[in-house]
Structures are given as structure tokens and as C-alpha cells.
1. Return only the number of the condition from (1) over 30 Å from residue 73 (Cβ atoms); (2) under 22 Å from the mean Cα position of the chain (by Cα); (3) modelled with pLDDT of 80 or more that residue 36 does not satisfy.
2. Residue under question is residue 59, and the condition is that it be more than 20 Å from residue 43 (Cα to Cα) and touching a helix residue (DSSP H, G or I) at 6+ places or on another chain (Cβ under 7 Å); does it hold?
3. Do you know which of the residues in segment 112-140 that are assigned to a loop (DSSP other than H, G, I, E, B) and in contact (Cβ under 8 Å) with a residue 24 or more places away in the chain is nearest to residue 76 (Cα to Cα)?
4. Could you grab me the full set of residues in segment 47-93 that are assigned to a helix (DSSP H, G or I), touching a residue at least 40 places away in the same chain (Cβ under 8 Å) and crowded, with 17+ Cβ neighbours inside 10 Å?
5. What number of residues within segment 28-41 are surrounded by 10 or more Cβ atoms within 10 Å (Cβ to Cβ) and under 13 Å from residue 89 (Cβ atoms)?
6. So residue 110 clears everything in (1) under 17 Å from the mean Cα position of the chain (by Cα); (2) surrounded by fewer than 19 Cβ atoms within 10 Å (Cβ to Cβ) except one condition, right? Which one?
7. Looking at this structure, is residue 96 under 19 Å from residue 132 (Cα atoms) and over 11 Å from the mean Cα position of the chain (by Cα)?
8. Of the conditions (1) touching a helix residue (DSSP H, G or I) at 6+ places or on another chain (Cβ under 9 Å); (2) part of a loop (DSSP other than H, G, I, E, B); (3) on the phi < 0 side of the Ramachandran plot; (4) surrounded by fewer than 17 Cβ atoms within 10 Å (Cβ to Cβ), residue 96 fails just one. Which one is it?
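The values are calculated or read from the model by the stated rules, or taken from the named source; none is laboratory data. Note that the coordinates shown come from a computational prediction; the quantities given were computed from them, not determined experimentally. Neighbour counts are summed over all protein chains in view; Cβ atoms, including those assigned to glycine, are modelled from backbone coordinates with ideal geometry.
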């Protein structure tokens, strides 16, 4: 395949993927609250599977170098994927998620709204542009 053909194929794939994402956003936007909760549960289950697979690829040596446990790595992958999905769908996907003790400084796309709805604590590390919700210094639960 020539370079021009390769670029053309990638362009078509990109356009197709963008169309699928737009279709999914419209579909989710039209869901009733009950349908939305069922959709969220499906997404969480799929993300948990993906996070488990990614975590299994990490060696014990990699984990030691990063100073984290396998469980912390799995939870961080979950939060990263939930955050990405939340950005794509314009939904607060971190609502009620346990981020206590996690280092989220490298997670892209987090918003203060998402963080305010997550369960964290004073040991949770956030990107510089976000502040720790006052509720996290109490029981680690978001205020309602």
C-alpha cells in the first residue's frame, strides 16, 4: 500500500469513528434516567474488564518502580477510562467512584465537577488545575 493509500484509509477510519461516537452521544442523550443507569452499569463492567487486562500486562517490577500495588494500578486505569468516557459523552462518569489514595495527576480530561462527585480523601493526588473538595477531608464522600 502506498503512503497516499495508507493516509486515505486512516482518514476514512477516523471519520467513521467520529460518526460512531456522535451516534452514541445522541443515543445516550435521549435515554431515560433508568436507561442511563443501565448504560452506565454496562460501561463500568466493560471498563473493569479492560482495566483488569491492562493491569495483568504490568510486571511486578514495573509496579515496584512506580511504587504502586496492582490494585492501585487497576483502579487508576478504571478512573482514566471513565474520565475519557465522561468527556466523550459529556457525563459525570466518576459519580460515586472510589479514588481514595490514587495518584490522578496524569489523568487527562478530569473536571472539577467529576472530582466533586467522586469519593476521595486527603491522600488522593489531583492535577494542579483541580482542588481537593472539602468533603474529602471528612469521610471521603461527596457532598450532596
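1. Here residue 36 clears every test but (1).
2. Against the criterion (more than 20 Å from residue 43 (Cα to Cα) and touching a helix residue (DSSP H, G or I) at 6+ places or on another chain (Cβ under 7 Å)), residue 59 does not qualify.
3. Per the stated criteria, the residue is 124.
4. Of everything in segment 47-93, those that are assigned to a helix (DSSP H, G or I), touching a residue at least 40 places away in the same chain (Cβ under 8 Å) and crowded, with 17+ Cβ neighbours inside 10 Å turn out to be 85, 89.
5. Result for segment 28-41: 6.
6. Residue 110 satisfies all of (1) under 17 Å from the mean Cα position of the chain (by Cα); (2) surrounded by fewer than 19 Cβ atoms within 10 Å (Cβ to Cβ) except (2).
7. Considered against the rule, which asks whether it is under 19 Å from residue 132 (Cα atoms) and over 11 Å from the mean Cα position of the chain (by Cα), residue 96 comes out as yes.
8. (3)
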